[in-house]
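Only one structure is covered here, and it is reproduced in the block below.
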């Protein structure tokens, strides 16, 4: 069957019984959003309606997104899949084709939170009027360290997709968590691989490391991105009354490539800088001592294991 290209201007020809889309095995809709923040986090003119109508004719529809910011997806429950490509630049066409055809496996993770609605975003929250542009044109980030994904977790606000979210053509299982490993260098997998990583640019040794086992439980090769988040000290309010701590903060992650059925041990080192806060009284960084919650997660809101470490 020949390729049929449609744009939002062709909406009038699409109906629930459109024979072309019903015959297609997998209709693919390429949707764009140049400045969603200016249009209420929606796709460009008519594209949400285009997706809705194509999906009504064929529920096996796949949506490929090219956008710079999060967008709402009112049609999400009506389509088979969404491939978020953001702005992939000049090789994006090849990359998109490889992912759709199964020549490559998706392994990216969302760098931002996708809100469930426009009303659920901080800039529309009446509790933060100073967060929106004022007469002076300035916005005050009064949430402090609870910015971005941290604010959604801190306020328990429902989201469409959390920070760090991403799917693959396979599945992964975590097991054997250890929140007090002696040294990342001692946590070698049977194959000799060591996925020690850190978000910190410092070369200092890890204060502690989190180790666990990852298994590819699917039928194809894939890449998993386990993430480690940390919470504030249990007695932060009394011990550090002048400091603010985020509800959770990403402190490490790993890219783990595994063949189908394979397993490996993963160790993620947590370094001193990631456990520190800036002391405004001494104008220096200071390690926050005490017991701190640690989470081994698939994304900012999906903790697989939780534990505590004493810093």
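Below are the figures for this structure:
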{"item": "Which numbered condition residue 247 fails, given (1) in contact with a strand residue (DSSP E or B) (Cβ under 9 Å, 6 or more places away or on another chain); (2) at pLDDT 90 or above; (3) surrounded by 15 or more Cβ atoms within 10 Å (Cβ to Cβ)", "result": "(1)"}
{"item": "Out of 150, 131, sole residue that is more than 28 Å from residue 80 (Cβ to Cβ) and in contact with a strand residue (DSSP E or B) (Cβ under 8 Å, 6 or more places away or on another chain)", "result": "150"}
{"item": "In the stretch 222-241, the residues that are free of Cβ contacts under 8 Å to residues at least 12 places away in the same chain and either more than 17 Å from residue 146 (Cα to Cα) or touching a strand residue (DSSP E or B) at 6+ places or on another chain (Cβ under 8 Å) (or both)", "result": "238"}
{"item": "Matching option when the condition is farther than 27 Å from residue 301 by Cα, surrounded by 12 or more Cβ atoms within 10 Å (Cβ to Cβ) and modelled with pLDDT of 90 or more, among 46, 92", "result": "92"}
{"item": "Enumeration of residues in the stretch 128-149 that are part of a helix (DSSP H, G or I) and over 25 Å from residue 106 (Cα atoms)", "result": "129, 130, 131"}
{"item": "Criterion (out of contact with any helix residue (DSSP H, G or I) (no Cβ under 9 Å at 6 or more places or on another chain) and either surrounded by fewer than 19 Cβ atoms within 10 Å (Cβ to Cβ) or farther than 26 Å from residue 155 by Cα (or both)) met by exactly one of 57, 116", "result": "116"}
{"item": "Residue satisfying condition, being surrounded by 15 or more Cβ atoms within 10 Å (Cβ to Cβ), at pLDDT below 90, over 23 Å from residue 166 (Cβ atoms) and touching a helix residue (DSSP H, G or I) at 6+ places or on another chain (Cβ under 9 Å), within set 11, 41", "result": "11"}
{"item": "Test: residue in the stretch 68-85 that is more than 23 Å from residue 162 (Cα to Cα), touching a residue at least 12 places away in the same chain (Cβ under 8 Å), surrounded by fewer than 17 Cβ atoms within 10 Å (Cβ to Cβ) and not assigned by TED's automatic domain parsing to the domain that holds residue 122", "result": "no"}
{"item": "Test: residue in the stretch 150-163 that is farther than 28 Å from residue 278 by Cα, out of contact with any helix residue (DSSP H, G or I) (no Cβ under 8 Å at 6 or more places or on another chain) and not in a loop (DSSP other than H, G, I, E, B)", "result": "yes"}
{"item": "Which numbered condition residue 233 fails, given (1) part of a strand (DSSP E or B); (2) crowded, with 18+ Cβ neighbours inside 10 Å; (3) modelled with pLDDT under 95", "result": "(1)"}
{"item": "Residue 189 vs. criteria at pLDDT below 90 and either in contact with a strand residue (DSSP E or B) (Cβ under 9 Å, 6 or more places away or on another chain) or over 24 Å from residue 41 (Cα atoms) (or both)", "result": "yes"}
{"item": "Residue 274, sole failed condition from (1) within 15 Å of residue 211 (Cβ to Cβ); (2) not in a strand (DSSP E or B)", "result": "(1)"}
{"item": "Sole residue being surrounded by 16 or more Cβ atoms within 10 Å (Cβ to Cβ) and more than 23 Å from the chain's Cα centre (by Cα), chosen from 287, 294, 309, 304", "result": "309"}
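The values are calculated or read from the model by the stated rules, or taken from the named source; none is laboratory data. Quantities reported herein were computed from a predicted structural model and do not represent experimental measurements. Glycine also receives a Cβ, built like all others from the backbone with ideal geometry; neighbour counts cover every protein chain displayed.
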